[in-house]
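*Asks:* Let me begin by handing over the structure; questions about it come next.
Computed from the coordinates by the stated procedures, all read-outs in this text should not be read as laboratory data. These numbers were taken from a predicted model, which means no experiment stands behind them. Neighbour counts are summed over all protein chains in view; Cβ atoms, including those assigned to glycine, are modelled from backbone coordinates with ideal geometry.
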Amino acid sequence: MGKPGRPDTSRQGPARWQPTGNRPRRSILLTVIGKPCYAERMTWARKFAKPIALKDGRTIATLSEARAMMLSLPPIHRRGPVWRFAAELLNEAAADRASVPDAEAKFTRALQAEGLI
C-alpha cells in the first residue's frame, strides 16, 4: 500500500482511494488502472427545504433518503426518463454542482408522476 495521501499503485484493478489526513476535502484522489484522477465527495446529508410526505406514511427529508427511496423502486420504473433525470439532479446536488431546491422540485414531480404523493 502507498503512503497516505498518495495513489495506491500496489494493485491493478478498480478505483480505490486513500484519504489524506483528517481534513475535509472536496475531491478524493483515486487510482484508476494505475493512473491518478480525482472524484468529488458526495454530501448526501443535505436537507430539502421541506420534508416530502409519501402516501404510505414515509417522509423524505434528505438527499440520502431520496436516493434510498429511488433505489427501492422496481428497476423498470427507475429506467424511465423522469426518474433518470431526477437521479441525475440528486447526484449533482450531492456533489454540490446543482442546487438542492432544483433536485427537490424534480424529485417531487417524479413522485407525483408515479402517484406516490
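*Asks:* Would you please put 101-108, 51-58 in order of how densely packed they are, using the mean number of other Cβ atoms within 10 angstrom per residue and starting with the highest? Display every interim value, and only then the final one.
*Replies:* Numbers: 101-108: 18.8, 51-58: 11.2.
Going from most to least packed, we get 101-108, 51-58.
*Asks:* With θ taken as phi - 60° and the coefficients 6.51, -1.76 and 1.60, list the Karplus ³J(HN,Hα) couplings across region 58-74 in order, rounded to whole Hz; mark glycine and proline as x.
*Replies:* Each residue's phi maps through the Karplus curve to give 6, 10, 10, 10, 10, 4, 5, 5, 5, 4, 4, 5, 5, 5, 7, 6, x Hz.
*Asks:* Work out the P(r) tail for region 47-114: percent of alpha carbon pairs separated by more than 19 Å, whole number.
*Replies:* Details: 504 of 2278 pairs.
When every Cα pair of region 47-114 is considered, 22 percent fall beyond 19 Å.
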